[in-house]
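Read the figures in this text as sums done on the coordinates, not as results from a lab. All figures in this text were calculated on a predicted structure; none of them were measured in a lab. Don't worry about glycine lacking a Cβ; one is built from the backbone with ideal geometry, like all the others, and counts go over all protein chains shown.
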Amino acid sequence: MSFDLVFFGGTGDLTWRKLMPALFQAFRHGKLPPNGRILAVARDEQTDEKYRTWLHDRFQDVEGAKRPNEEEFARFAEMVHYRRMDLSQPEHYARLKEWLAERTADTVVLYLATSPYLFPEICAQLGNAGLNEPRVRVVLEKPLGHDLESAQEINRVVRSVFKEEQAFRIDHYLGKPSVQNLMALRFGNVLFEPLWRRESIANIQITLAESIGVGTRGDFYNTTGAMRDMIQNHALQLLTMVAMEPPSRNDADAIRDEKLKVLRSLNPFTPESVARDVVRGQYRAGNADGRKAVGYLDEVKVPPGSQCETFVAIRTEIQNWRWAGVPFYLRTGKRLAARDSQIVVNFRPTPHTIFPGLNQPNKLVIKLQPEDGLELHLLAAKGTGQHEQLSPVSLDLDFDKAFAENRVGAYERLLLEAIAGRLNLFVRSDEQEQAWRWVEPVLDAWERDTTGPRPYSAGTWGPAAASALVARDGYAWSEEQ
Ligand code: BG6
């Protein structure tokens, strides 16, 4: 199979930090189909050679073992080309079409790694230039819109040019290995499904914690905030994967139909429930990653007095037979105590215990970061006879070790899936719009509420109110258990 892959925003951060290194890994692992061309387009005038040299220098920032050696880079770079393109000029799209027409690749992937406000214009121009034939796929990076209305507008333009099956909306969390394993665990094994419901599960916690701050992205982040940056997309996508009904087939629409049903069943917010069930926070100075960290308001490009949230914790429920009454807690934040992302499924205690003083419920931890893997916490006997006691043990499946040679990073996997034309791991427009529909009342309520986010010190687990949110139900966040 031959492919042409075009990166709009070819000199941008996303391209050199994530996309090109991921493609290189796919190339190194022998997973990239052989007959491929990669074209970066951007505004600067430069030759293929100059672009390759620039990319070579950027690759020096790639972490240790993932960095190519000279010989590998030279072979990879042979595939890489560069063209100047002004995205507002119709004739530049015509030139792109000529480049693509130099040969007839089976697949053309157009990756929009630009600022999202350019998406409507780029899509419209691609349509006018006839760059939307069936072999073309368009990949759209988040953030897809700022609210429901802007997301709908982007989707309207995309739909007027491309068919839904040509649109690949990226949520890189869906490319993470543990998310794939969650699907395998739930739908490839008989063990968990009978327990995967309200009768056996007490609560589910999804934590996406980062220890980094906003870095140099203060201006972008300040107009986005944790709710739009992490909850509307990553956290809700994880929630759908945990809570969905078993799909009838392993195909994109069967899976996405089930995910959409979950989003539609989420308890909608009212101003009262926002005040009760949502906590927003903003970091102040503290210690993070062993170093002094400034507060959010002192980060570069953050306007004084900003009320932007860098932390969100939410309690919600899913209104269906499987999940009625089970709290789902979502939490994300910058400058938290650790980089630690995980889904914790807390089971109910046994109905009756014959081991007095010990009735520690089972817990399944799906770890996404920093390592990926799965831990099942059980009680087992320790000692013998009179001194027999129960003690917590955990069944630890370290995927990093077990499947080391087949591990692929999120972007690597998603790029390969887009080239192969498999939509299973991409977000459909109706899912994305439904997620906006759910978060919007929270954003609206915050806009009206001038008390602003609660402060928390950098390097902690967020405002105390987030612990209280869970304690109210008689539970605790996993690090407090
Ligand atoms: C991105 C957000 O989507 O995800 C960033 O815009 C965040 O703010 C990043 O840092 C986290 O991704 P990961 O894969 O490092 O958890």
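The table that follows gives values for the structure above.
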read-out: Cβ-based exposure ranking for ARG37, ARG43, ARG249, ARG413, in which fewest neighbours within 10 Å come first; value: ARG249, ARG43, ARG37, ARG413
read-out: Rounded Å value of the spacing that divides the Cα centres of the stretch 21-75 and the stretch 402-457; value: 27 Å
read-out: ALA40 long-range amide H proximity, modeled H, under 5 Å; value: PHE7, HIS81, TYR82, ARG83
read-out: Fewest-first sequence of TYR173, TYR111 by Cβ atoms within 10 Å of each Cβ; value: TYR173, TYR111
read-out: Filtered GluC sites (Glu not before Pro), the stretch 1-67: DSSP coil and at most 15 other beta carbons within 10 Å; value: GLU45, GLU63
read-out: Net charge, ALA129 excluded, C-beta distance under 13 Å - Lys, Arg +1, Asp, Glu -1; value: -2
read-out: Cubic angstrom per residue, convex hull over Cα atoms of the chain; value: 167 Å³
read-out: Sorted by Cβ neighbour density within 10 Å, fewest at the top, the residues ASP257, ASP57; value: ASP57, ASP257
read-out: Sequence-separation-based contact order of the stretch 49-175, relative, with Cα cut under 8 Å and 6+ spacing, percent; value: 21 percent
read-out: Listed residue pairs exceeding 28 Å between alpha carbons, taken from LYS163/LYS259; LYS176/LYS292; LYS142/LYS363; LYS18/LYS367; value: LYS176/LYS292; LYS142/LYS363
read-out: The chain: relative contact order in percent, alpha carbon pairs under 8 Å with at least 6 residues between; value: 18 percent
read-out: The chain - share of DSSP beta bridges that are antiparallel (%, nearest 5); value: 55 percent
read-out: The chain, helix-only ellipticity at 222 nm - DSSP H runs n ≥ 4, -39,500 (n - 2.57), divided by all residues, nearest 500; value: -9500 deg cm²/dmol
read-out: Formal net charge of residues neighbouring LYS363 (Cβ-Cβ distance under 14 Å; K, R +1; D, E -1); value: -2
read-out: The stretch 255-276-the stretch 309-347 distance, computed between alpha-carbon centres (Å); value: 13 Å
